[in-house]
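> So that we are looking at the same thing, I have put the structure below in C-alpha cells.
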Amino acid sequence: MKTSKLFVAAMFCLTLITSCSDDDDPVIINPEELITNVTLTFTNTGNATDIVTMSSVAPDGQDGSFTNIVVGSFTSGETYSLDLAITNESESPADDVLNDDIIPEADEHFFTYGVNTVSMTMSRDAGDVDGPDGNKLGVNTTWIAGGASNGSLNITLVHEPVGSDDSNNFGTVTGGEEDFNITFSGVSIN
C-alpha cells in the first residue's frame, strides 16, 4: 500500500513537471558586434592609382587600445569614392560586420562623418543604403578634396539613434549608442 501511494505521488509530480512548459517564443538576443578593424579606402574616381587608406585596428574592440594609420594624401580638386570595411578579425575567418550585421540592420544604425581643418566635402550617394527615418546610412559616399590643407577626419557609427538627419551630408544624430567613434589625424590634401 505504501509503495502504491509513493508510485501515485511520483506519477502526479512527474505529470505536473512535464505539463508545465513555457510556450512563449524564446527571446533572441543579438549581441553587440565586436569590431576590431575599420578601414576607409578612398579611390580617386578619375585615377584609380590615387588611393588614400585610413585604418583603425583595435584587437579587443573599439573600446580598447587602438592604432590608427593614414596612408596617402588627397589631391586637391579631385573626387573620391569611399569603400568601407568593418570587420571582426578576432574570428577566423574574419567576420564581415558591415555586410553581415550593420547593413541588414540598417534601420538601427547611422554613420556620421566630420572633418577638422581639412578642406573636404562629402555626399551620400543616391544608391546608398536606406537607414533610420528614411535617411541614407552613409555606407556609399563621395568625397571632394578642396584646397591644400591638413587636419583630421572622423567616422562614427551610432546604434539605435533616437533621431538621424542626412540633410547635412556629414550626418547628425540624437541619442543612441556609439559602436565606434574614430578620428584619423594627419589627413592631408596636396
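The values are calculated or read from the model by the stated rules, or taken from the named source; none is laboratory data. None of the values given here were measured: they were computed from a predicted structure. Note that we place each Cβ from the backbone using ideal geometry, even for glycine, and neighbour counts take in every protein chain shown. Calculation scope for accessible area: heavy atoms of the full protein, side chains included, ligands and nucleic acids excluded. Shrake-Rupley method; radii C 1.70, N 1.55, O 1.52, S 1.80 Å.
> Given a 1.4 Å probe, how much area per residue of the range 64-155 is accessible, in Å²?
44
> Taking θ as phi - 60°, what are the ³J(HN,Hα) couplings along the range 72-80 by the Karplus curve (6.51, -1.76, 1.60), each to the nearest whole Hz, with x for Gly and Pro?
x, 10, 6, 9, 3, x, 8, 10, 10
> Next up: What are the extents of the Cα atoms of the range 36-168 along their three principal axes, listed from largest to smallest and rounded to whole Å?
37, 33, 25
> Tally Lys and Arg at +1 and Asp and Glu at -1 over the other residues with C-beta under 15 Å from the C-beta of GLY114: what net charge comes out?
Once all neighbours under 15 Å are counted, the net charge is -2.
> Run the accessible area of the range 57-150 with a 1.4 Å probe and give the carbon-and-sulfur part as a rounded percent.
Looking at the range 57-150 in its full context, I get 46 percent from C and S.
> Continuing with the same structure: Considering the Cα positions of the range 93-175, please state its Rg to one decimal place and its Dmax as a whole number of Å.
13.4, 41
> Compute the normalised compactness of the range 132-190: alpha-carbon radius of gyration over 2.2 N^0.38 Å, N being the residue count.
Against the empirical 2.2 N^0.38 Å value, I get 1.29 for the range 132-190.
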